[in-house]
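K.L.:
For reference, the structure I am asking about is given below.
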Amino acid sequence: MWDDIEFFSEHEFACKCGCCNAPMDLEFLKVLDKIRRDFAKPLKVSSGYRCSEHPIEARKKKPGAHSTGLACDLLVHGQEALEVLRLALDHPQIKGVGIQQKGKRSQRFVHLDAVDQSSHLGGHLARPNIWSY
């Protein structure tokens, strides 16, 4: 699967708790690859797959988008965040966008996911399509 992805590696998407590899959705990764190609600069993944034991997922009542293999957070800020957002919105597969642009510049990110609200967890995912943290 990862041979089909040009700009990202499995390591970048692996759960940070070290428990597993990165069971990401291939079609989602292909969309991210297109966004990265059009961005024409490296994009750093700060969070990819998260298993149910990951500290962020463990605090939630229900697993979030990252636990589906259909989400990632990209470390970008300012004009680059705006450009990633613009490129992502050109892809109808991207269903959720979260923007975190407060705090340290090195920790600002754009969340992208391809989670269809009507099918994720039996339709029990209540969230807007675009939000800020």
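K.L.:
Could you please state how large a percent of the accessible area of the chain is carbon and sulfur, counting protein chains only and using a 1.4 Å probe? It would help to have the intermediate numbers written out before the result.
P.N.:
Values: 3830 of 7370 Å².
In the chain, the share of accessible area belonging to carbon and sulfur is 52 percent.
K.L.:
Report the net charge of residues surrounding Asp3, where surrounding means a beta-carbon distance below 13 angstrom and charges are Lys +1, Arg +1, Asp -1, Glu -1. Let's see the in-between values first.
P.N.:
Details: positive: Lys30; negative: Asp4, Glu6, Glu10, Asp33.
For residues surrounding Asp3, the net value is -3.
K.L.:
Let me ask you something else. Are there any trypsin sites (Lys or Arg not before Pro) in the stretch 52-82 that are in a DSSP loop and have at most 11 other Cβ atoms within 10 Å? List them by number. Could the numbers behind the result be given before it?
P.N.:
Details: sites: Arg59, Lys60, Lys61; in loops: Arg59, Lys60, Lys61.
Answer in residue order: Arg59, Lys61.
K.L.:
Between Rg and the Kirkwood Rh of the chain, both from Cα atoms, what is the Rg to Rh ratio? Each step should come with its number before you reach the end.
P.N.:
Details: Rg = 13.9 Å, Rh = 15.0 Å.
A ratio of 0.93.
K.L.:
Work out how much length Ser9 to Ser52 would gain on full extension: take 0.36 nm times their residue separation and subtract the Cα-Cα distance, in nm to one decimal. Could the numbers behind the result be given before it?
P.N.:
Details: separation 43, 0.36 × 43 = 15.48 nm, distance 2.17 nm.
Separation in residues times 0.36 nm, less the Cα-Cα distance, equals 13.3 nm.
K.L.:
A further question on this structure: Return one whole number: the accessible area per residue of the chain in Å², for a 1.4 Å probe. List each step's numbers first, then the result.
P.N.:
Values: 7370 Å² over 133 residues.
With the other protein chains kept in place, the chain gives 55 Å² per residue.
K.L.:
What is the calculated FRET efficiency for Arg59 to Gln79, with r their C-beta to C-beta distance and R₀ = 25 Å, to the nearest 0.05?
P.N.:
Details: r = 33 Å, r/R0 = 1.30.
The value I calculate is 0.15.
K.L.:
For the stretch 81-91, just list the computed ³J(HN,Hα) in residue order, Karplus coefficients 6.51, -1.76 and 1.60, θ = phi - 60°, integers in Hz, with x standing in for Gly and Pro.
P.N.:
Taking θ as phi minus 60°, the curve returns 5, 4, 5, 4, 4, 4, 5, 5, 5, 6, 10 Hz for the stretch 81-91.
K.L.:
Moving to a separate point now. Between Ser46 and residues 5 or more places away or on another chain, which pairs have amide H atoms under 5 Å apart, with H built 1.01 Å from N, and which residues are they?
P.N.:
Asp73, Leu74, Leu75
K.L.:
Figure the gain on full extension for Ser132 and Met1 (residue separation times 0.36 nm, minus the Cα-Cα span) and round it to one decimal in nm. Don't skip to the answer; put the middle values down first.
P.N.:
Working: separation 131, 0.36 × 131 = 47.16 nm, distance 3.19 nm.
The span from Ser132 to Met1 would gain 44.0 nm if fully extended.
The values are calculated or read from the model by the stated rules, or taken from the named source; none is laboratory data. All figures in this text were calculated on a predicted structure; none of them were measured in a lab. Backbone-built Cβ (ideal geometry, glycine too); neighbour counts: all protein chains shown. Only protein heavy atoms, including side chains, enter the accessible area calculation; ligands, DNA and RNA are left aside. Shrake-Rupley method; radii C 1.70, N 1.55, O 1.52, S 1.80 Å.
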